[in-house]
1. Return the residue satisfying two criteria in turn: it lies in segment 316-362 and is closer than 17 Å to Ile293 by Cβ, assigned to a loop (DSSP other than H, G, I, E, B) and charged (D, E, K, R), and of such residues it is nearest to the chain's Cα centre (by Cα).
2. What are the residue pairs meeting all of these: first residue in segment 244-258, first residue β-branched (Val, Ile, Thr), second residue open to solvent by 10 Å² or more (accessible area, probe 1.4 Å) and part of a helix (DSSP H, G or I), Cβ atoms under 7 Å, and 6 or more apart or on different chains?
3. Taking only segment 238-263 into account, find how many residues are assigned to a helix (DSSP H, G or I) and open to solvent by less than 30 Å² (accessible area, probe 1.4 Å).
4. Val311 passes all but one of (1) within 20 Å of the chain's Cα centre (by Cα); (2) over 17 Å from Leu384 (Cα atoms); which number fails?
5. How many residues does segment 106-121 contain that are open to solvent by 20 Å² or more (accessible area, probe 1.4 Å) and either modelled with pLDDT under 95 or not in a loop (DSSP other than H, G, I, E, B) (or both)?
6. Right, Tyr266: open to solvent by less than 50 Å² (accessible area, probe 1.4 Å), touching a residue at least 24 places away in the same chain (Cβ under 8 Å), outside any helix (DSSP H, G or I) and aromatic (Phe, Trp, Tyr) or not?
7. Which one of these is modelled with pLDDT of 90 or more, closer than 26 Å to Pro200 by Cα and open to solvent by 10 Å² or more (accessible area, probe 1.4 Å): Leu385, Leu344?
8. In segment 252-269, what residues are more than 17 Å from the chain's Cα centre (by Cα) and not acidic (Asp, Glu)?
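The values are calculated or read from the model by the stated rules, or taken from the named source; none is laboratory data. Here the structure is a predicted model, which is why all the values come from computation and not from measurement. So basically every Cβ, Gly included, is an ideal-geometry build from the backbone, and we count neighbours across all protein chains shown. What goes into the accessible areas is simple: the full protein's heavy atoms, side chains included, and nothing from ligands, DNA or RNA. Shrake-Rupley method; radii C 1.70, N 1.55, O 1.52, S 1.80 Å.
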Amino acid sequence: GQIIVVEEQQQSSQPTSLLYIPAKAEQYVIDDYKNHNSSSGCYIWNTNTNNNHQDDDEESSVRFIIKNDLEVWKQELNRYNEEGIQKKELLQKKKGGIFGREFAPDLRTLFHNDYSNKEQVCREYADALPATAVTNQQQQLSTTTTSTTTGGYADPKTVQLKPALLRGGAGSTTTTTTTGPNKNLMEEYFHQSQQLSYLPRQGYMEPLLPPLRHPDICLPNNHHGDDNDVSNNNNMDYMIEDFGHICRNVLKKSTQTVFVDIGACYDTTRCSSTSTDALQTIGTIEKYRTNGIHFDHIYAYEVLELKPQSVYEAVPNHMVAPLHWINMPASPEEGHKHNPWTMLLTNDNYSPDDFIVVKLDITTTTDDDTPPSSSVEMSLFQQLLSNPQLQELVDVFYFEHHVPIMDE
């Protein structure tokens, strides 16, 4: 299975930090589901783009426009990922400064007490490519960027999301405003397609639309469910985390950083069926660390009984100190001491000023005394959706919702 990001669209009565602006492709899926009660599989990605608007069906024409924008988005996504790889390589190879390290330093330790250097720190470490790296190694870059010397993107300035030919709210022009001296993620990488969703606190993210995996899973030669074909089924390169925005808008010197892993079988010798999931989770933690977000606490819930020694030997060294190994099933009962939400909410352990990431993906168990993983997952998911206090705490939520892909 694969981890996906899930963000629920919030009502206008919610705090501004939770107001969610979906990408126009995502809004189309939302509207299509409301109107037709179906939004399955690869139907957008399999739209014929050669009809040149000859189809008299208005819905097909709109889908054609969305498909063209998404094809542009895929090209932009490839460049974004290539530069992310370059950043990691520069961190490992460059001498002096932060370079030559496997990961960027903890951003919180670099902020001055008055945060007068915060913009510089975020540009240098959290943006897609560090400013000094781009300046010093510009000739070695294999991709062309629109602004190679600015060091990537900053907080969203006034961003005009171009109107889509869609029904309802998706057809209107939306403006979001904060201040920042540099280009943001949309402007720097996705300005042609404009296909990114947005939350004021977390920044931009990939549009959430079927098949909720890498879109190349919809290619004709991709084999759904073939364990030997991991090129697309387990490809997480479509996921976008706006680290520069998080640095500027969330992180403070006093911010606690937390990763809650619900379904954490790190011992791949015992969890062969979920070894890919474990590696993906560790890779996600390291992706944050590469961009200067080091987790103070990693709460790991796992139902399969494992020897602590094997778990701590399996994880990388940087995870040993912050890891809280909780080798028992996460409880779906509200208020239960083994319910992860209870841990976050009890005794004011954490506040909205902290940065909390949650991954929910529980492996199915055959233990008759343990509830099925799907029921536990959905119970926890629904509790998050219905609890405004939890929504204020959880900044990023990775969730693998098991649903069939209807289209081939």
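1. The extreme case among them is Asp354.
2. Every condition considered, the pairs that remain are Thr255/Arg108.
3. 6
4. (1)
5. Within segment 106-121, residues that are open to solvent by 20 Å² or more (accessible area, probe 1.4 Å) and either modelled with pLDDT under 95 or not in a loop (DSSP other than H, G, I, E, B) (or both) number 5.
6. For Tyr266, the condition - open to solvent by less than 50 Å² (accessible area, probe 1.4 Å), touching a residue at least 24 places away in the same chain (Cβ under 8 Å), outside any helix (DSSP H, G or I) and aromatic (Phe, Trp, Tyr) - is met.
7. None of the other options fit; the residue is Leu385.
8. Listed by number, the residues that qualify are Lys252, Lys253, Ser254, Thr255, Gln256, Gly263, Ala264, Cys265, Tyr266, Thr268, Thr269.
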